[in-house]
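Participant: Got a structure for you, questions after.
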Amino acid sequence: MLRGKFFPPKQITTSFEGKIVIVTGSNTGVGYAAALKYVELRASTVILGVRSMEKGETAKAKMEKATGRKGVVEVWELDMASSKSIDAFAHRADTLSKVDAVVLNAGVVPKTFRQSEEGWEMNIQVNTLGTALLAILLIPKLRASGTTDSPSHLTVVSSTGHLDIRMKLEDKSRLLYKYNTDLGVGSYQQHVMSKLFMMWVTRELASRCVDANGLSIVIINDCCPGACRSDVTREFSGPVTSIAKTVVGYALWRPAENGARVLVGATTLGNVSHGRFWSANGSFETGPGPYITSDEGKALQRDVWSQITEVLKEKNSRVKGILSDLS
């Protein structure tokens, strides 16, 4: 954390002139800072995918005031806990002339175990299933928008916390469903597990979006913004907790803008980043953990991918066709 705070990633100077960018969870925190940076870097259109239209419009007004650029930011409604909302958002994205970059940043950190209206634990619902569904539904548009010389980008915001995962289950089959029950592992382990699930999805999608030469016109990667000051832990409230968060936040956590450099930077990378983890210091230095690189991890990846796609095919009729079209 100290290294991240005092040695932030390099500032991004790449021009996004003429490009259309989507950032989810972008009315506050790192998502807001990333969207603002795209506006500053001359993107022609920056779409804020937000659950609250009111908060989204407030964020838009702030961006316009900060940059002096009007007619660039659009606010689209998106509830990552609702497969219907995700489908509607993806259909709307299909009407755009192109989509050059997507940053799937929206996520939750619930304080306690609870399930969504669709019957899934909230971390899994939003951070895994919702994010995976939107990623898959946007791939056809991204493929149509990218070229060999100018690939499109799909970046998923993950967490270095996946290195801290401690799976104590003797039977690791059907992991997605096991973590949909209250295992008593605590909010942090439940959260980072949902992030690991999505990292597995990122790699499965990346492996399906390459040609015979190992190149892709859709660069798919994931990244971690590092420990940033934001309201992602808003459910952890109370006098003592709030004071602790404030003290630790200003002592150890980096500003959201520093984290945004990682997100935006990940969408400037070429095929070298395809299917890889862009770390919080803006490099590949901190690689993915053993549950990504080991033989056991790769076997679990295939198993969980099968479970996730099984669920998503039931939620959305387009998923099966999109996946069958991928190489």
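Participant: Say we look at region 210-223 and pick out the residues that are at pLDDT 95 or above and out of contact with any His (no Cβ under 8 Å at 6 or more places or on another chain); which of these is farthest from Ala132 (Cα to Cα)?
Facilitator: Ile217
Participant: Kindly list the number of the only condition in (1) among the hydrophobic types (A, V, I, L, M, F, W, C); (2) closer than 25 Å to Gly130 by Cα; (3) buried (at least 23 other Cβ atoms within 10 Å of the Cβ) that fails for Ala43.
Facilitator: Here Ala43 clears every test but (2).
Participant: What's the number of the condition Ile22 fails, among (1) assigned to a strand (DSSP E or B); (2) at pLDDT below 95?
Facilitator: (2)
Participant: Is it the case, given these coordinates, that Glu17 is surrounded by 15 or more Cβ atoms within 10 Å (Cβ to Cβ) and charged (D, E, K, R)?
Facilitator: No: the conditions fail for Glu17.
Participant: Follow-up question, since we're still on this one. What residue, among those in region 270-304 that are assigned to a helix (DSSP H, G or I) and aliphatic (A, V, I, L, M), is farthest from Glu204 (Cα to Cα)?
Facilitator: It comes out as Val272.
Participant: Across region 119-161, which residue is farthest from Ser273 (Cα to Cα) among those that are modelled with pLDDT under 95 and in a helix (DSSP H, G or I)?
Facilitator: Gly161
Participant: Among the residues of region 99-129 satisfying the criterion of being among the hydrophobic types (A, V, I, L, M, F, W, C) and closer than 19 Å to Ala35 by Cα, which is surrounded by the fewest Cβ atoms within 10 Å (Cβ to Cβ)?
Facilitator: Residue satisfying both the conditions and the ranking: Val108.
Participant: Which ones in region 111-125 are of a type in the set (D, E, K, R) and in contact with a strand residue (DSSP E or B) (Cβ under 8 Å, 6 or more places away or on another chain)? First the steps, then the outcome.
Facilitator: Looking only at region 111-125, we keep the residues that are of a type in the set (D, E, K, R), and these are 111, 114, 117-118, 121.
If the condition is that a residue be of a type in the set (D, E, K, R) and in contact with a strand residue (DSSP E or B) (Cβ under 8 Å, 6 or more places away or on another chain), then Arg114, Glu121 are the ones that fit.
Participant: Turning to a different aspect of this structure: Taking only region 86-110 into account, find how many residues are assigned to a loop (DSSP other than H, G, I, E, B), in contact with a strand residue (DSSP E or B) (Cβ under 6 Å, 6 or more places away or on another chain) and under 30 Å from Gly186 (Cα atoms).
Facilitator: Summing the residues that are assigned to a loop (DSSP other than H, G, I, E, B), in contact with a strand residue (DSSP E or B) (Cβ under 6 Å, 6 or more places away or on another chain) and under 30 Å from Gly186 (Cα atoms) in region 86-110 gives 2.
Participant: May I ask you to list the residues in region 17-54 that are acidic (Asp, Glu) and farther than 18 Å from Leu142 by Cα?
Facilitator: Let us first name the residues in region 17-54 that are acidic (Asp, Glu), namely 17, 40, 54.
Once the filter is applied, which keeps residues that are acidic (Asp, Glu) and farther than 18 Å from Leu142 by Cα, region 17-54 yields Glu40, Glu54.
Participant: Could you check Gly226 against (1) in contact with a Leu (Cβ under 8 Å, 6 or more places away or on another chain); (2) modelled with pLDDT of 90 or more; (3) within 16 Å of Asn105 (Cα to Cα) and say which number it fails?
Facilitator: (1)
The rows are residues; the columns are (1) among the aromatic types (Phe, Trp, Tyr); (2) under 21 Å from Leu205 (Cα atoms); (3) crowded, with 16+ Cβ neighbours inside 10 Å; (4) over 19 Å from the mean Cα position of the chain (by Cα).
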position: Leu142; (1), (2), (3), (4): no, yes, yes, no
position: Thr148; (1), (2), (3), (4): no, yes, no, yes
position: Ser159; (1), (2), (3), (4): no, yes, yes, no
position: Arg166; (1), (2), (3), (4): no, no, no, yes
position: Lys172; (1), (2), (3), (4): no, no, no, yes
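Participant: What is the one condition in (1) within 18 Å of Val156 (Cα to Cα); (2) in contact with a Leu (Cβ under 6 Å, 6 or more places away or on another chain) that Thr309 does not satisfy?
Facilitator: It is condition (2) that Thr309 fails.
The values are calculated or read from the model by the stated rules, or taken from the named source; none is laboratory data. Quick caveat, the model's predicted, so the values are computed rather than measured. Heads up, the Cβs are rebuilt from the backbone with ideal geometry, glycines too, and the neighbour counts pull from every protein chain shown.
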